[in-house]
1. Hey, can you tell me all the residues within the range 1-46 that are assigned to a loop (DSSP other than H, G, I, E, B), touching a Phe, Trp or Tyr at 6+ places or on another chain (Cβ under 9 Å) and under 16 Å from residue 60 (Cβ atoms)?
2. Are there any pairs, at least 6 apart or on different chains, whose C-beta atoms fall under 9 Å, with the first in the range 17-36 and free of Cβ contacts under 8 Å to residues at least 40 places away in the same chain and the second surrounded by 10 or more Cβ atoms within 10 Å (Cβ to Cβ) and among the basic types (Lys, Arg), and if so, which?
3. Please go through the range 47-60 and pick out each residue that is touching a residue at least 24 places away in the same chain (Cβ under 8 Å) and not in a loop (DSSP other than H, G, I, E, B).
4. Would you confirm whether any residue within the range 22-43 is exposed (fewer than 15 other Cβ atoms within 10 Å of the Cβ), at pLDDT below 90 and out of contact with any strand residue (DSSP E or B) (no Cβ under 7 Å at 6 or more places or on another chain)?
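The values are calculated or read from the model by the stated rules, or taken from the named source; none is laboratory data. Remember, predicted model here, so these are calculated numbers, not experimental data. When we count neighbours, we look across all protein chains shown, and the Cβ atoms used for this are built from the backbone with ideal geometry, even at glycine.
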Amino acid sequence: MPWPCTGVILAGGLSKRFGGRNKAFIRIGGQRNIDRLMNVYAKLFDQIILVTNDPAAYMDVDA
């Protein structure tokens, strides 16, 4: 049962320490990291806010 509060995912870095690759879209166990986080957050929080400097890249992320 979700908590009656909002979870925030910060996904807006420059990926300098990760070779320029966006960590949110790296696949872990066949699933993108951002999708794994969203699934966990959906179980914990009533609302999820995704903060990013590139909103267009996240248009297909299902909240």
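1. 11, 26
2. Pairs that qualify, where the first residue is free of Cβ contacts under 8 Å to residues at least 40 places away in the same chain and the partner is surrounded by 10 or more Cβ atoms within 10 Å (Cβ to Cβ) and among the basic types (Lys, Arg), are 24/32; 25/32; 26/32; 28/36; 29/36; 33/23; 33/27; 34/23.
3. At the first step, the residues of the range 47-60 found to be touching a residue at least 24 places away in the same chain (Cβ under 8 Å) are 47-54, 57-58.
Residues satisfying the conditions are 47, 48, 49, 50, 51, 57, 58.
4. No.
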